[in-house]
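**Student:** For reference, the structure I am asking about is given below.
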Amino acid sequence: MEETEVKTKIWQRYEQAKDQHLRLNMHQAVKRAHNFYEGNQWDGAKTGGETLPVLNFIKPICKYQIGTVAMNDTAIIYNSMTDDDTMRDVCDALTRFAAAQWEKGKMDSKKWEIIKNACITGDHYLYCYDERSPTESVAVDLNPRLAMQLVDKDEIYFADEQQKDREKQEWIIIRERVPVASVRREARKNGLPEEEVEMIVSDEDLASGDDTTEEVKTDEGKCISLLYMEKTEAGVSFCRSVRSVVYQPMQTLTGMKHYPVAGMVWDVKHKSARGVGVAERLIPNQIEVNKTLARRSISVKRYGYPTAVVDSQKVQNPESLQKVGSTVKVRNLGGNPISSMVGYISPAPMSNDAAALEAEILTQSRELEGAGDAATGQVDPTKTSGEAIKAARDQSALPLNEQMSAYKQFVEDLALIWMDLWKVYSTEGMSIEFKDDQQNPVSAFIPAQIMEALEVSVRIDVSPVDPYSVLSRELSLENALAAGHITFEEYVSVLDDNSGVPKEKLQQILDQRKAAQEAMQAQQMQQLMAMGANAGTAQMGGATMDTTAAMPDTQAQMGGVPVGMV
């Protein structure tokens, strides 16, 4: 009875949350926003078989705003909240390890998906987890194996859709549609009795709002799988359930302070945990532009060309009038002019008001979204300095400061979740691998006692990586090098990795020079030591020789490094 009650409770909570989604029309709103972004803007319209034109201005506006926010490199930096040197060293190691995890998790690609979907639909989420089971992490595997999964806006359910702070949610549910065979396999792995495994069946009838007609069919069908999470005094508890079976029992991540879900909200919606996307608010204008364009197109096709008028009693083959170079046969031509048998209706004049309205809606929509020609960089870079373009771009990006701040907060939340997962899964310590400043691999082990006592704050460093910002930094470094404020070695070391200057090749040249210089110094030292030994042998034999005359100017040969020999 207790297990049945738990299952019913989870499914009931999902049903309650689904009702909230239906009231908000969330699934249809997400689908509609993606359709308009992708150009499928006449979906569901009765066009009578006519293919109507589309002037998609939503996509370039979204692409500009997505690119403006995403063209920033972020670096996660952990700082110890104490003055202990050991804790500082651990934080430095974890900072480098976070950079390695970012690269391993393909977060540079995922961040574009997150920002893109947040821009289109209003908000998007990333679920983080460790692929090890808690028992495995304690006894066998001490290497963190973090994984990240993208979650659509309409696939995550909150206990309270009006609570903006996710950490204050009583529970969170992530819904997936997975093959029944996969769920049954996981249930057997978790030790469920076979009679309960057989209760896991396909549920296309429950997939309200899903496009089940378009989903890939499997032999046993698909079912809704719920990942349920709730906060307890011990940490975060979670389980997985289908309609009638909890196929992954409830487990608790002791010490977990944050829900393992990071999200980005594009535009905050009043009294809502969700956001408003760019595509959603531009849809009415896009519809009006498409309708106006369709009306103009139909009007031109119907009335924009001359229409032939013939005397059917005298013209024997009127269809020939539509063919180039054909002969028109007439009866009783006599002295009557051909114009009395065949004529043309002139095209009706079309008002320019429709075209003006269309252009005005298009222009004003772009300008109001901060994506006009000046903002989107429609300038010739060969006629304008990089600094001027960068200044104009930064000025035009001011309306997106809120979105840039939201993305920065998303990365900070992600960093805190990573730290939580590292602590929870490191009861026996944690082995990490990362790269040092010279890109050499480094391995380290952090004891469990240090991880447990570690208190950190997170800072996110943001650096623009668009071409004009990179060019501006390159010019600043070149000016500092030319003025003698920095050395060539310092210049190479601070170049961006995506710089137009070949940083790696310059670094190879410097390394080769250093290796050659070290080899030369070692050779000269061997020569000096040999000469010193020969001089000592000559003195012991009673002979006198001026060894200083035979010795080369070692200080000059060794690049100004004095050698302590006489």
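**Student:** Any idea which of Arg295, Arg366 is open to solvent by 90 Å² or more (accessible area, probe 1.4 Å), touching a residue at least 12 places away in the same chain (Cβ under 8 Å) and assigned to a helix (DSSP H, G or I)? Break it down stepwise before answering.
**Tutor:** Details: Arg366 fails: open to solvent by 90 Å² or more (accessible area, probe 1.4 Å).
Only one candidate passes the filter, namely Arg295.
**Student:** Restricting to the stretch 271-292, what's the tally of residues that are assigned to a helix (DSSP H, G or I), closer than 30 Å to Lys153 by Cα and either open to solvent by 80 Å² or more (accessible area, probe 1.4 Å) or not aliphatic (A, V, I, L, M) (or both)? Break it down stepwise before answering.
**Tutor:** The initial filter retains those residues of the stretch 271-292 that are assigned to a helix (DSSP H, G or I), namely 278-292.
From what is left, the residues that are closer than 30 Å to Lys153 by Cα are 278-291.
The next check asks that each one be either open to solvent by 80 Å² or more (accessible area, probe 1.4 Å) or not aliphatic (A, V, I, L, M) (or both); those that pass are 280-281, 284-286, 288, 290-291.
Selection size over the stretch 271-292: 8.
**Student:** Filter the stretch 395-430 down to residues that are at pLDDT 90 or above and of a type in the set (S, T, N, Q) and give me whichever is most open to solvent (accessible area, probe 1.4 Å).
**Tutor:** Across the stretch 395-430, the extreme among qualifying residues is Gln409.
**Student:** Among the residues of the stretch 212-233, which ones are surrounded by fewer than 18 Cβ atoms within 10 Å (Cβ to Cβ) and either modelled with pLDDT under 90 or out of contact with any Ser or Thr (no Cβ under 9 Å at 6 or more places or on another chain) (or both)? Spell out how you get there, then give the answer.
**Tutor:** Filtering the stretch 212-233 down to residues surrounded by fewer than 18 Cβ atoms within 10 Å (Cβ to Cβ) leaves 212-221, 232-233.
Of everything in the stretch 212-233, those that are surrounded by fewer than 18 Cβ atoms within 10 Å (Cβ to Cβ) and either modelled with pLDDT under 90 or out of contact with any Ser or Thr (no Cβ under 9 Å at 6 or more places or on another chain) (or both) turn out to be Thr212, Thr213, Glu214, Glu215, Val216, Lys217, Thr218, Asp219, Glu220, Gly221, Glu233.
**Student:** Just the residues that are of a type outside the set (A, V, I, L, M) and more than 32 Å from the chain's Cα centre (by Cα), please, taken from the stretch 245-300. Walk me through it before giving the result.
**Tutor:** We begin by selecting, within the stretch 245-300, every residue of a type outside the set (A, V, I, L, M); these are 247-249, 251-252, 254-255, 257-260, 263, 266-267, 269-272, 274-275, 277, 280-281, 284-286, 288, 290-292, 295-297, 299.
Once the filter is applied, which keeps residues that are of a type outside the set (A, V, I, L, M) and more than 32 Å from the chain's Cα centre (by Cα), the stretch 245-300 yields Tyr247, Pro249, Lys291, Thr292, Arg295, Arg296, Ser297, Ser299.
**Student:** Do we find that Glu167 is farther than 30 Å from Lys63 by Cβ, modelled with pLDDT under 90, open to solvent by 10 Å² or more (accessible area, probe 1.4 Å) and outside any loop (DSSP other than H, G, I, E, B) in this structure? Explain how you work it out, then say what you get.
**Tutor:** Working: farther than 30 Å from Lys63 by Cβ: yes; modelled with pLDDT under 90: no; open to solvent by 10 Å² or more (accessible area, probe 1.4 Å): yes; outside any loop (DSSP other than H, G, I, E, B): yes.
Judged against the criteria, Glu167 is not a match.
**Student:** Here's something else I'd like to know. Give the residues of the stretch 438-463 that are in a loop (DSSP other than H, G, I, E, B), open to solvent by less than 80 Å² (accessible area, probe 1.4 Å) and closer than 24 Å to Ser426 by Cα, sorted by residue number.
**Tutor:** Kept after step one, since they are in a loop (DSSP other than H, G, I, E, B), are these residues of the stretch 438-463: 438-440, 447, 454-455.
Now restrict to residues that are open to solvent by less than 80 Å² (accessible area, probe 1.4 Å): 440, 447, 454.
Across the stretch 438-463, the qualifying residues are Pro447, Leu454.
**Student:** Only one of (1) modelled with pLDDT of 80 or more; (2) under 30 Å from Arg145 (Cβ atoms) is not met by Gln438, so which one is it?
**Tutor:** Against the list (1) modelled with pLDDT of 80 or more; (2) under 30 Å from Arg145 (Cβ atoms), Gln438 comes up short only on (1).
**Student:** Looking at the stretch 136-161, I want the residues that are within 18 Å of Val30 (Cβ to Cβ) and at pLDDT 95 or above and have a partner that is of a type in the set (A, V, I, L, M) and assigned to a loop (DSSP other than H, G, I, E, B) with Cβ atoms under 9 Å, at least 6 apart or on another chain. Which pairs are those?
**Tutor:** Here the result reads Phe158/Ala273, each pair linking the stretch 136-161 to a residue that is of a type in the set (A, V, I, L, M) and assigned to a loop (DSSP other than H, G, I, E, B).
**Student:** Residues in the stretch 252-265: is at least one surrounded by 14 or more Cβ atoms within 10 Å (Cβ to Cβ) and either without any contact (Cβ under 8 Å) to a residue 12 or more places away in the chain or out of contact with any helix residue (DSSP H, G or I) (no Cβ under 8 Å at 6 or more places or on another chain) (or both)?
**Tutor:** Looking for residues that are surrounded by 14 or more Cβ atoms within 10 Å (Cβ to Cβ) and either without any contact (Cβ under 8 Å) to a residue 12 or more places away in the chain or out of contact with any helix residue (DSSP H, G or I) (no Cβ under 8 Å at 6 or more places or on another chain) (or both), one finds at least one in the stretch 252-265, hence yes.
**Student:** Within the set of pairs 6 or more residues apart or between chains, which connect a residue that is within 13 Å of Thr95 (Cα to Cα) and in contact (Cβ under 8 Å) with a residue 60 or more places away in the chain inside the stretch 437-459 to a residue that is surrounded by 13 or more Cβ atoms within 10 Å (Cβ to Cβ) and among the acidic types (Asp, Glu) with Cβ atoms less than 6 Å apart?
**Tutor:** Val458/Glu412
**Student:** Search the stretch 170-185 for residues being over 30 Å from His270 (Cα atoms) and over 27 Å from the mean Cα position of the chain (by Cα), and hand back the single one that is most open to solvent (accessible area, probe 1.4 Å).
**Tutor:** Looking at the filtered set, the residue picked out is Arg185.
**Student:** Shifting gears a bit: Please find, among Arg240, Arg188, the residue that is surrounded by 21 or more Cβ atoms within 10 Å (Cβ to Cβ) and modelled with pLDDT of 90 or more. Quick ask: steps written out before the conclusion?
**Tutor:** Details: Arg188 fails: surrounded by 21 or more Cβ atoms within 10 Å (Cβ to Cβ).
Just one listed residue meets the conditions, Arg240.
**Student:** Name the residue, out of Asp466, Asp496, that is under 30 Å from Val90 (Cβ atoms), surrounded by 15 or more Cβ atoms within 10 Å (Cβ to Cβ) and modelled with pLDDT under 80.
**Tutor:** Numbers: Asp466 fails: under 30 Å from Val90 (Cβ atoms).
Answer to the selection: Asp496.
**Student:** Identify the residue in the stretch 298-325 that is open to solvent by 50 Å² or more (accessible area, probe 1.4 Å) and among the small types (Gly, Ala, Ser) and, among all such residues, is nearest to Gln41 (Cα to Cα).
**Tutor:** Only one residue tops the list, namely Gly325.
**Student:** Run Ala515 past the list (1) modelled with pLDDT of 75 or more; (2) open to solvent by 60 Å² or more (accessible area, probe 1.4 Å); (3) in a helix (DSSP H, G or I); (4) under 30 Å from Ala99 (Cα atoms) and report the number of the one that doesn't hold.
**Tutor:** Failed condition: (2).
The values are calculated or read from the model by the stated rules, or taken from the named source; none is laboratory data. Keep in mind that this is a model prediction, so the values were computed, not measured. Reconstructed Cβ throughout: ideal geometry from the backbone, glycine too, with neighbour counts over all protein chains shown. When the accessible area is computed, the model is the full protein with side chains, heavy atoms only, and any ligands, DNA or RNA have been set aside. Shrake-Rupley method; radii C 1.70, N 1.55, O 1.52, S 1.80 Å.
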